[in-house]
Amino acid sequence: MSNYTIKNLREVDDAAAGRDLSQVQEARFAMGALDAEATGLCLQRVKPGKRQAFAHRHDQAEEVYVVLAGRGRVKLDDEVREVGPMDAIRVAPRVVRAFEASDEGLEILVFGPHHPKDGEIVQDDVWTGHA
């Protein structure tokens, strides 16, 4: 393995398309494409006026989300916050998180340490009560 890897994130396969979620989002998980051993990286795009297909949390991984383009809201446990370009959001492991795009859409870069089988999808509608 090389000491470095260069990969355009838009060329990474869209995992959302493979799971029939493409009507609401794109998710390009780049860890494998970059040959990364310990760092997770994902380019996400939430389509205009849509919410991510599900919320999630982690047992161990702290994540940082950086809004690259667009505007929207992030749901962090019971709190909803407005986000826009170049906002960086650090999320502790057990916090349930999900994003919603405004009419212009929302593009986010996500990174953090990779821990196998660390993520948990939250099945509840976390946006209930937050129109």
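Once the chain from ALA38 to ASN3 is taken as fully extended at 0.36 nm per residue, the excess over their C-alpha distance is 11.2 nm. With distances taken between every two different alpha-carbon atoms, segment 25-131 has a Kirkwood hydrodynamic radius of 13.9 Å. Keeping the other protein chains in place, figure out the carbon and sulfur percent of the accessible area of segment 73-131, with a 1.4 Å probe. The nonpolar share, carbon plus sulfur, comes to 51 percent. Enclosing the Cα atoms of segment 1-76 in their convex hull gives a volume equal to 123 cubic angstrom per residue. Taken over the Cα atoms of segment 75-131, the convex hull encloses 109 Å³ per residue.
Excluding ligands, DNA and RNA, the accessible surface per residue across segment 1-104 is 59 Å² with a 1.4 Å probe. Pairs of lysine residues in the chain that meet both criteria, 8 or more places apart or on different chains and Cα atoms under 25 Å apart, total 5. Shown here for segment 80-131: trypsin sites (Lys or Arg not before Pro) in loop regions (DSSP other than H, G, I, E, B) with at most 14 other Cβ atoms within 10 Å, namely ARG94, LYS117.
The values are calculated or read from the model by the stated rules, or taken from the named source; none is laboratory data. These numbers were taken from a predicted model, which means no experiment stands behind them. With ideal geometry, Cβ positions are generated from the backbone for all residues, glycine too; neighbour counts draw on all protein chains shown. Please note that ligands, DNA and RNA were not included when accessible areas were found on the heavy atoms of the full protein model with its side chains. Shrake-Rupley method; radii C 1.70, N 1.55, O 1.52, S 1.80 Å.
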